[in-house]
Amino acid sequence: MGQYLVRRLLTIIPTLIAISFVIFAVLDLAPGDPTSALPETIRPEIRQQIRKAMGLDEPFPVKYGLWMRQFFVNEPLSLIENAFDIQIGDGEKRLRVTSWGRRGVPVMDMILERVPQTLWVVGLAYLVAIVIAVPIGVISAIRQYSIFDQVGTFISLIGYSIPTFFTGLLMILLFSVKLKWFPMIYDTNLQVVDWKSFVEQLRQSAMPVAVLGFFQAAILARFTRSSMLDNIPMDYVRTATAKGFRERYVVIRHILRNSLIPVVTLIALGIPAIFSGAIITEQIFRVNGLGALLIGAIQLNDIPLVQTLTFIFACLIVVFNLIADVIYGILDPRIRYS
Amino acid sequence: MAVGTETASAENLASELPQRQHRTLWGDVWLRFRRHNLANVGVVVLVLLVIGVLAGPLVYTVDPEYSFIVDDIDSINQPPSVKYPMGTDDLGRDTLARNLFGGRISLAVGVVAMFVSITFGALVGVLSGFFRRLDNPLMRFTDLMLALPSLPLLLVIIMLFRDSLKAMLGPELGIFLLVVIVIGILGWMPTARVVRGSVLSIKEKEFVEAAVSVGTREPVILWQHILPNVLSPIIVSATLGVAAAILTESALSFLGLGFPSNVPTWGRLLFENKDFITQNPWLVIWPGMFISLTILSINFIGDGLRDALDPRQRR
């Protein structure tokens, strides 16, 4: 296990380098130019000097190397400094990745600003989805072909076929426009200080959470059901039943424990999507999270911000792939790392 | 069991055989598919939608860009009526005509992008499953592609290359090719994995061994023996691939990064009209309903095909 972990961690490095290269290369081909937003009155030679000062005229490998240093050395150092309030080296002179849109603001700071909103809305949706989907999947599998199973399967197929941007608009139409239960737009400035503002926070989160949660729950319920159905005909289940255990005991202690192994893996694999996949939902309800930040950056041609965000999303995918594999190994001792 | 009865039943069988209808592989698939109720509903709905968007504009000849404000100042944001079957939008344009026209593009994007991703995915899958030397590099490449965050990257690529392709091929064709190729290139990985898995297991089967032992050359084995047997996973993922591509295109358009505003795809219609949801909810209900119906029916068909093509279910 330990050896496997070390080997997997080592393979992460070339993967991340390759991904960073792809992302950097794609964006470096961009026709965008940070000086294009400057006033027209600036003379061409000065414009040229600004370009030079920003390092835009360097050859591709040099730019890539510098970006890598900024991203893998400077940014983590600054993060550690901020987190523990300590000084490592000369923090003032250290070059950080800064935004082109909001000139001079380090992109990491902009990203950290947005994390809480995304985590709250999307994380909550994911939790809701897990809490709903797993029991539904389990019950439909135990009572296969019952009314409950057929209705559940049908609804989950609908849930994963209707795009979130349509369910979102339908919910706005029903609950904001017609019934006026929930606000149409998510207000990020709302401070939760007392009971009333907490209720308000819940009210405005209800629709985005429901939209995302329904979609995720549909996928998870389908997966849980089929995983349960894989295990129900197994010999060990028949043995447990033959020993005279009650059905509830067999289901919970034997079938469920084995069926949840792939489900847990799927949940771990889905966590990166918490950060990147909510782009559309954030857009519908105007949640000021990471997805909205990315869309804004794309529209403003803010290349450093787009690069950093995309690369962070990619890092999350790689890391959670590893975590999923490790969890799988811990939960299922039959998996041998070779 | 006595020898006599066995020959008797064999004779019985022989006499029954000519009367029984000849069954083919695809005939069996069709029979099993017909038994899948939801899949049949899916086929009916999808065929209706396809006929609707293909023949609709020929029958319903209202120009999707024509603004009825010219004739009647009150013809903006109308609910469905006899004159405007699905109502009109904020510029007085006919919603039905726009949806019919938009459906053509949405469906075309879905089908063409599916072809791109399936071709690429099947190629990578077959090559890495069949040739051991290629397996490791190709699968590492697939893993790498899977680790790329697809929606953000899709948005970024479209943003970057939109203007240059627009200049080269014109706004409609340029964006169409860009959207289709990018969706295809970022969507082939699951197909490649599934196909590789099937090729690996079929390669070990006795009939392939037999073909090798009589001296069949590798290309022939690949073409004649392996490919027909991996067709079913390819067909299933092609079906689901159309739905995924339509969904992705709608999402792109919904974020305002798909087709330009004079090309109304279903996603684009949702994007344009979502701000008028309070004045005229029909504007978002129609395109959203068409997207959902298309995806739902394709997913039903995909489920049905999977069951029909799975030989383990054969009776």
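Structure remark: mean-square fluctuation, Gaussian network model of chain B, C-alpha springs under 10 Å; the largest value among B:PRO80, B:PRO57, B:PRO137 belongs to B:PRO137. Cα centroid separation, segment A:194-250 to segment A:165-188: 26 Å. Say the cut-off is 27 Å between C-alpha atoms; which of A:LYS178/B:LYS274; A:LYS196/B:LYS274; B:LYS83/B:LYS166 go over it? Result: A:LYS196/B:LYS274; B:LYS83/B:LYS166 exceed 27 Å. Helix B:150-169 axis versus longest C-alpha principal axis of chain B: approximately 70°, rounded to the nearest ten.
Taking K and R as +1 and D and E as -1, what net charge do the other residues with C-beta under 14 Å from the C-beta of B:LEU146 add up to? Mind showing how you got there, number by number?
Details: positive: B:ARG140, B:ARG193, B:ARG196; negative: A:ASP325, B:ASP143.
Taking every other residue near B:LEU146 into account, the sum is +1.
Across segment A:114-331, Cα-Cα pairs farther apart than 22 Å form 59% of the total. For the pair B:ASN136 and A:LEU66, a Förster radius of 22 Å applied to the C-beta separation gives a FRET efficiency near 0.10, rounded to the nearest 0.05.
Between B:SER201 and A:PHE84, what is the FRET efficiency for a Förster distance of 45 Å, r being their Cβ-Cβ separation, to the nearest 0.05? Before the final figure, lay out each step's value.
On the way: r = 53 Å, r/R0 = 1.18.
Plugging the Cβ-Cβ distance into 1/(1 + (r/R0)^6) gives 0.25.
Note down the net charge around B:GLY121, summing +1 for each Lys or Arg and -1 for each Asp or Glu among other residues with Cβ under 10 Å from its Cβ. Each step should come with its number before you reach the end.
On the way: positive: B:ARG193, B:ARG196; negative: none.
Net of charged neighbours comes to +2.
Hey, any idea what the orientation-averaged projected area of the convex hull of segment A:226-273's Cα atoms comes to, in nm²? Before the final figure, lay out the partial values.
Values: hull surface 13.7 nm².
Mean projected area for segment A:226-273: 3.4 nm², to one decimal.
With the helix formula -39500 (n - 2.57) applied to DSSP H stretches of n ≥ 4, the protein assembly as shown reaches a computed 222 nm mean residue ellipticity of -23000 deg cm²/dmol.
Can you work out D for the protein assembly as shown in µm² s⁻¹ from Stokes-Einstein, where Rh is the Kirkwood radius over C-alpha pairs, the temperature is 37 °C and the viscosity is 0.692 mPa s?
Working: Rh = 28.1 Å.
The calculation lands on 117 µm²/s.
The slack between B:VAL220 and B:ASN37, meaning 0.36 nm per residue of separation minus the straight C-alpha distance, is 62.0 nm.
Sort A:170-179, A:230-239 by packing, meaning the average of other beta carbons within 10 Å per residue, with the highest value first. Write out the running numbers ahead of the final one.
Working: A:170-179: 16.6, A:230-239: 12.9.
Final packing ranking: A:170-179, A:230-239.
For chain B, the longest principal axis of the alpha carbon atoms and the long axis of helix B:25-34 meet at an angle near 50°. The mean count of C-beta atoms from other chains within 10 Å of the C-beta of residues in B:281-287, rounded to a whole number, is 3.
How far, in degrees from 0 to 90, does helix B:189-203 lean away from the longest principal axis of the Cα atoms of chain B, to the nearest 10? Rounded to the nearest ten degrees, it is 10.
With a/c under 1.5 counting as rounded, go ahead and sort chain B into rounded, prolate or oblate using the C-alpha gyration tensor (a ≥ b ≥ c being the square roots of the eigenvalues; past the cut-off, prolate if a/b is larger than b/c, else oblate).
oblate
Within the set of other residues whose C-beta is less than 14 Å from the C-beta of A:VAL177, count the net charge using Lys and Arg as +1 and Asp and Glu as -1. Please list the in-between numbers first.
On the way: positive: A:LYS178, A:LYS180, B:LYS274; negative: B:ASP275.
After counting each charged neighbour, the total is +2.
For segment B:256-315 versus segment B:177-219, the spacing of their alpha-carbon centroids is 30 Å. GNM on chain A, alpha-carbon springs under 10 angstrom: the most fluctuating residue among A:PHE154, A:PHE311, A:PHE72 is A:PHE72.
Every number in this text was worked out from the coordinates using simple rules, so none of it is lab data. Just so it is clear, the model here is predicted, and its values are computed rather than measured. Methodologically, a virtual Cβ is constructed for each residue, glycine included, from the backbone with ideal geometry; neighbour enumeration extends over all protein chains shown.
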